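One structure is given here, and the rest of the page talks about it.
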Amino acid sequence: LIFLGIESSCDDTAAAVVTADRRILSNVVSSQTALHEAFGGVVPEIAARAHAERLDLVVEQALAEAGLGLRDLAGVAVTAGPGLIGGVMAGVMCAKGIAAGAGLPLVGVNHLAGHALTPRLTDGVEFPYLMLLVSGGHCQFLLVRGPEDFTRLGGTIDDAPGEAFDKLAKLLALPQPGGPSVEAAARDGDAGRIALPRPLLDRPGCDMSFSGLKTAALRQRDALIAAQGGLRERDRADLCAAFQTAVAEVLAEKARRALAAHPVPVLAVAGGVAANAQIRAALQEVAARAGARFLAPPLRLCTDNGAMIAWAGIERFREGARDGMDLVARPRWPLDQGAAPMLGSGK
Ligand code: ATP
Ligand code: FE
C-alpha cells in the first residue's frame with residue numbers, strides 16, 4: 001500500500017511517497033524561505049502563489065525519486081488544514097486533481113496529526129504515547145491513543161517557543177531563523193548571570209506561556225544597554241543561554257506533569273524547536289525519570305514535510321477514511337474539538 005502525501009500549509013511546498021510498511025520512498029521539500037526573507041515573516045499571498053506554482057513539480061519529483069507512477073499508488077493524502085488558507089487550498093486542489101484524474105482515493109489530513117503520528121512512521125511506536133509538538137507556530141502536549149484519537153493536555157496560551165526564539169534573535173540582531181542562532185550564541189553563555197522568569201510554572205497543568213519570557217529578555221537587554229552603553233558579545237551569549245534554559249525548564253516541567261498524569265511508555269517530540277540540543281536533553285531526562293522512552297524523529301521529519309502527511313493518510317485510510325471532491329481546506333482545525341482538561345495534574 002503506497003500513498004502520495006502533499007503538504008502546503010505554511011512556507012514549504014512538499015510531496016512524498018510512503019509505504020504502509022513505513023518506507024519513505026521519496027520526500028521532497030521546496031522551501032520558500034528566500035521568498036519571504038525580505039518581509040521578516042511569511043506573506044500569505046506570496047506563499048499561496050508559490051505553492052500553486054511549485055506543487056506540480058514537487059509532486060512529479062516525488063514520484064520520479066520513488067521511481068513510481070500514479071498507477072502504483074493506493075491513494076493521495078493532503079493537508080486540509082490548519083494553516084494559511086491559500087496554501088492549503090492550493091494543495092487540496094492539486095490532490096483532488098490527481099485523485100480524480102487517476103481514479104485514486106483522496107484522504108484529507110490534519111497537519112498537526114501529521115506531526116503527531118510521525119513517531120509511528122519513523123519508529124513504529126504503538127499507541128498510546130505522549131507527543132510534544134513544539135515549533136514556530138505550535139506548542140502543545142497531545143496524548144495520542146489512535147490515528148484519530150488525540151487529547152490536548154495543554155499548550156501555549158500565547159507565543160510558540162520557536163516564535164519566541166525568532167523574536168529574541170531579532171532583539172539581539174542575530175540572524176533568522178532565531179532558534180539555531182540563539183542556540184549557537186548560547187553555547188558560550190552563562191545561563192545563571194541574567195535572571196529570566198519561568199512563566200506559568202506556578203500554575204497546575206500543562207499550559208505554557210512564552211511571550212512574557214521574550215518581554216523579560218527585552219527588559220534585561222535594555223537594562224544592559226542603559227548600564228553599559230551597548231551590548232557586548234558576552235551579554236548576547238548570556239541572554240541566549242538564560243532564555244534557552246528557561247524554555248527548556250518550562251517544557252521539561254510541563255512534560256513531567258503530563259507524564260505523571262498519563263504514564264505512557266513513550267514521550268515523543270516534533271517541530272523545529274525539537275532540534276535544540278538543550279531542550280532535547282531536558283526532555284530526555286524527564287522521560288528517563290518517568291521510565292519512558294524518549295523519541296525525536298530526524299529533523300527533516302520533525303519540520304514540515306510530505307512524508308508525515310502521506311503516513312497520516314495511510315493511517316486514516318486503514319481506518320476506512322475516504323474524502324470526496326467536497327473536501328474543504330480549513331484555516332483552523334483543532335485536533336480535538338473539546339478542550340480536554342488535564343486529569344490529576346501534578347502540582
Ligand atoms: P508550524 O510547522 O508549526 O506551522 P513552523 O513552520 O514555523 O511552524 P517548524 O518549521 O517546525 O515550524 O520550525 C521552525 C521553528 O523552529 C522556528 O521558529 C525556528 O526558530 C525553530 N528552531 C529551529 N531550530 C531550532 C533550534 N536549534 N533551537 C530552537 N528553535 C529552533
Ligand atoms: Fe508544521
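Before moving on, here are some points about what is shown:
- Single residue of Arg289, Arg257, Arg330, Arg236 found to be basic (Lys, Arg) and either in contact with a strand residue (DSSP E or B) (Cβ under 8 Å, 6 or more places away or on another chain) or within 16 Å of ligand 2 (Cβ to nearest atom) (or both): Arg330
- When Gly86, Gly81, Gly101 are screened for being farther than 30 Å from Ala217 by Cβ, within 13 Å of ligand 1 (Cβ to nearest atom) and surrounded by fewer than 24 Cβ atoms within 10 Å (Cβ to Cβ), only Gly81 passes.
- Residues (of a type in the set (Ser, Thr, Tyr) and either crowded, with 24+ Cβ neighbours inside 10 Å or within 16 Å of ligand 1 (Cβ to nearest atom) (or both)) located in the range 23-33: Ser30, Ser31, Thr33
- Summed over the range 175-230, the residues that are of a type in the set (S, T, N, Q) and assigned to a loop (DSSP other than H, G, I, E, B) give a count of 2.
- From the options Ala173, Ala169, Ala191, Ala184, residue that is over 19 Å from the mean Cα position of the chain (by Cα), small (Gly, Ala, Ser) and near ligand 1 (Cβ under 8 Å from one of its atoms): Ala169
- In the range 256-289, residue modelled with the lowest pLDDT [restricted to those that are under 16 Å from the mean Cα position of the chain (by Cα) and part of a strand (DSSP E or B)]: Ala270
- In this entry, Ala248 is excluded by the filter for residues that are away from ligand 1 (no atom under 13 Å from the Cβ) and either outside any strand (DSSP E or B) or in contact (Cβ under 8 Å) with a residue 60 or more places away in the chain (or both).
- Some residue of the range 146-154 being within 13 Å of ligand 1 (Cβ to nearest atom) and outside any loop (DSSP other than H, G, I, E, B): no
- Residues satisfying the stated conditions in the range 164-174, i.e. surrounded by 14 or more Cβ atoms within 10 Å (Cβ to Cβ) and either assigned to a loop (DSSP other than H, G, I, E, B) or hydroxyl-bearing (Ser, Thr, Tyr) (or both): Leu172, Leu174
- Residue within the range 196-219 that is closer than 20 Å to Val134 by Cβ, in contact with a helix residue (DSSP H, G or I) (Cβ under 9 Å, 6 or more places away or on another chain), modelled with pLDDT of 95 or more and acidic (Asp, Glu) present: yes
- Per-region count, the range 294-320, residues surrounded by fewer than 18 Cβ atoms within 10 Å (Cβ to Cβ) and over 20 Å from the mean Cα position of the chain (by Cα): 3
- When Ala217, Ala226, Ala186 are checked against the criterion of being surrounded by fewer than 21 Cβ atoms within 10 Å (Cβ to Cβ) and more than 16 Å from ligand 2 (Cβ to nearest atom), Ala226 stands alone in meeting it.
- A count restricted to the range 136-163 and to residues that are small (Gly, Ala, Ser), over 18 Å from Arg257 (Cα atoms) and crowded, with 18+ Cβ neighbours inside 10 Å stands at 4.
- Top-ranked residue of the range 1-22 - restricted to ones that are out of contact with any strand residue (DSSP E or B) (no Cβ under 9 Å at 6 or more places or on another chain) and either without any contact (Cβ under 8 Å) to a residue 12 or more places away in the chain or more than 12 Å from Gly91 (Cα to Cα) (or both), ranked as nearest to ligand 1 (Cβ to nearest atom): Arg22
- Test for Phe141: is it assigned to a loop (DSSP other than H, G, I, E, B), away from ligand 2 (no atom under 13 Å from the Cβ) and aromatic (Phe, Trp, Tyr): no
- Qualifying residue in the range 149-157 (condition: out of contact with any Gly (no Cβ under 6 Å at 6 or more places or on another chain), closer than 14 Å to Glu315 by Cβ, within 16 Å of ligand 2 (Cβ to nearest atom) and of a type in the set (Val, Ile, Thr)): no
- Among the candidates Leu104, Leu117, Leu121, residue that is among the aliphatic types (A, V, I, L, M) and over 23 Å from Ala296 (Cβ atoms): Leu104
The values are calculated or read from the model by the stated rules, or taken from the named source; none is laboratory data. Note that the structure is predicted; figures quoted are calculated from it, not measured. Cβ: placed from backbone, ideal geometry, glycine included. Neighbour counts: every protein chain shown.
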